[in-house]
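Mind looking over this structure? Questions follow.
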């Protein structure tokens, strides 16, 4: 382990608890391959067991919210790309939805379909990469991650041909989307959707029944449903604990009420369930993609009357949220009637999902901490903002 | 997002369940129509616990906690005043004179909580608390004992706005570093000059 180890003598605590072994305080990170970016955990260990864990972050903080408060409503969209830099499409959507609520902007039907298609493709590549990273953390060096990246690359190529950028798409606008997609593009998306289950089968054959994976994940980092709800955990992590709460079903934002899909739920809330939920969600995403690609109508992609530049919503506020691949991504906007938001706040799912990291790690050993953190699915661009 | 129960009903239920609590409805004129409830400090934790545990409301999920800064505002208004003016001829005469009057509205910091119910699938219910001022009395009761999801977000509001949440289990800076003095999200924050290395690297 390349983490810095500082040995501290915690004599009082040692004598009070009567431990024989040495208490160690380890700073895991910020530059450690398992921390998914620049993230640090102050861990106190009794031998190999974790007795305290405090996450430390902010290394990537650039005050995203202040930047957006000084920019116009339109100019904030490219900044949202850089929140969760794996999922720029869903970030755009969350923000666009909040502005649409604030200013009462309608969205044309074709744009709604394109939004669903791009968002579900985003979910596929996010979940596939997460599983790859999780396996990497467990020591399955290379293969699972490269299999996932192979599929992710196809989706990123698709995004590039549509928006001009692989990751920083800057694609959605309040009131619609930026450019229309061609029929060739839809065909290419259809090809990805049809071949994706094959990849999932292959992936599952490689991983799901694997003895090492099961030994490393089952019963590790269990999270109860009560704690998950109280601590505001959302997304696949909440559903792995057995709580049926998917905003695509609850809020039915956009046009999600038109599609048939199921919400997979876990039983134990452990790392294995979180892994399985993501696999199952990918299968549901493919179902949504198939239905959306079959039904997408012709028409405008944005209402020509929508004011993109110089939008001045009347004074008021709105909270808009979507089911991002990592959980509930919310935007809270206050308008004072001027061209830039008076208050712009992001509800970052991966930061709030870290609230229970200590609870899940207590009593486990260091190797488990790495796996548990891997199963939370964090991206520091969003945690630190 | 359905708002199954109106803010008026919530206010009435709240005031019935928590004796002495004072709530005020703040209207939101935007198309979102997400109205909010401004509650007092003294009963805030009890009100929050009621909202979470009440069988009809069950607001078990505190989604978003935001700090907002409202600096001092100066309102200028023109008022007509009767004044005795001495005319050039030397006579005293009563006249209507227009005067500009400036009133200072003291600023405050605000914490906004967006609540939802996972059990009943309704929301959002917007809860607000306001500090007395932006200086030494920028204090609010922490709602982390009721909803743990507020833990990191209240720390963030403390870090970036300087709202001191009383009763928070671990109120430290979260995004900025320990030893940083200012509150960067406040409207009157002046960032250090880019070439001022000492201010940044301290």
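The values are calculated or read from the model by the stated rules, or taken from the named source; none is laboratory data. Since this is a predicted model, take the numbers as computed values, not measurements. Glycine also receives a Cβ, built like all others from the backbone with ideal geometry; neighbour counts cover every protein chain displayed.
Looking only at region B:30-62, how many residues end up being part of a helix (DSSP H, G or I) and more than 24 Å from residue A:320 (Cα to Cα)?
7
Here is a follow-up. Does residue A:78 fit the bill of being within 14 Å of chain B (Cβ to nearest Cβ), at pLDDT below 95 and either in a helix (DSSP H, G or I) or over 22 Å from the mean Cα position of the chain (by Cα) (or both)?
no
Still on this structure, please answer the following. Being more than 19 Å from residue A:69 (Cα to Cα) and not in a helix (DSSP H, G or I) is true for just one of A:281, A:323. Which residue is that?
Every option except A:323 fails the conditions.
Filter region A:81-115 down to residues that are buried (at least 24 other Cβ atoms within 10 Å of the Cβ) and in a loop (DSSP other than H, G, I, E, B), then give me how many there are.
3
Looking only at region A:171-193, how many residues end up being surrounded by fewer than 18 Cβ atoms within 10 Å (Cβ to Cβ), in a loop (DSSP other than H, G, I, E, B) and touching a helix residue (DSSP H, G or I) at 6+ places or on another chain (Cβ under 8 Å)?
Adding up the residues that qualify gives 2.
Something else about it: Since residue B:178 meets every condition but one in (1) closer than 27 Å to residue A:318 by Cα; (2) within 14 Å of chain A (Cβ to nearest Cβ), which condition does it not meet?
(1)
Here's a follow-up. For the condition crowded, with 17+ Cβ neighbours inside 10 Å, more than 12 Å from chain A (Cβ to nearest Cβ) and over 30 Å from residue A:354 (Cβ atoms), what is the one hit in B:107, B:136?
B:107
Any chance region A:235-257 includes a residue that's surrounded by fewer than 21 Cβ atoms within 10 Å (Cβ to Cβ), more than 9 Å from every other protein chain (Cβ to nearest Cβ) and over 20 Å from the mean Cα position of the chain (by Cα)?
Yes, the conditions are met somewhere in region A:235-257.
I need a count of the residues in region A:346-385 that are in a helix (DSSP H, G or I) and more than 12 Å from chain B (Cβ to nearest Cβ).
15
Looking for something assigned to a helix (DSSP H, G or I), touching a helix residue (DSSP H, G or I) at 6+ places or on another chain (Cβ under 7 Å) and within 14 Å of chain B (Cβ to nearest Cβ) - is there at least one such residue anywhere in region A:223-232?
Yes, there is a match, as at least one residue in region A:223-232 is assigned to a helix (DSSP H, G or I), touching a helix residue (DSSP H, G or I) at 6+ places or on another chain (Cβ under 7 Å) and within 14 Å of chain B (Cβ to nearest Cβ).
Only one residue in A:305, A:287 is farther than 29 Å from residue B:150 by Cα, without any contact (Cβ under 8 Å) to a residue 24 or more places away in the chain, more than 14 Å from every other protein chain (Cβ to nearest Cβ) and over 18 Å from the mean Cα position of the chain (by Cα). Which one?
None of the other options fit; the residue is A:305.
Here is a further query. Which condition number does residue A:272 fail, the rest of (1) in a helix (DSSP H, G or I); (2) modelled with pLDDT under 90 being met?
(2)
Then there is this: Go through (1) under 22 Å from residue A:382 (Cβ atoms); (2) at pLDDT below 90 and name the single condition residue A:344 misses.
For residue A:344, the exception is condition (2).
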